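Presented below is the structure to which this report refers.
No lab work stands behind these numbers, since they all come straight from the coordinates. These numbers were taken from a predicted model, which means no experiment stands behind them. We place every Cβ from the backbone using ideal geometry, glycine too, and count neighbours over all the protein chains shown.
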Amino acid sequence: MSTHFASGISIAQIAQRFGYSREYFSRMFKRCAGVTPDQYLTEIRLQSSVDDLLNGDFTIAQIAQRNGFSHPRSLARAFSARFGMTPVAFRRLYRGDRVVSVNGSRAEEPISEHVTK
């Protein structure tokens, strides 16, 4: 999932690849990871979206497409549910002129604890 998150891959496709039904794969994944595959995939997509918001000059539509969201509204809904603000508000609040990354590898300044929860 972490490699192909932007391709629009579905949980059903992943389950089928391993020879399982979507339901069985989801139960086993949650049992092992503590979250559903959908939650895990959305989190990967959101973290990559945060990186794009902070370090790129992409539009929200481009960020949604680059990170496997079906529509900019899908990104906005997931982003608001996770971070409590829209992607645009997040960019305005955290961006500035500094280079930042959610994983810290390119950070010149630390990101708020709110971002990395």
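Below, the figures for the structure above:
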item	result
Approximate spin-label separation residue 77-residue 95, in nm, with each point projected 7 Å along Cα-to-Cβ	2.5
Theoretical FRET efficiency, 1/(1+(r/R0)^6), r = Cβ-Cβ of residue 57 and residue 7, R0 25 Å, to 0.05	0.65
FRET efficiency for residue 20 and residue 43, using Cβ-Cβ distance with R0 set to 25 Å, rounded to 0.05	0.70
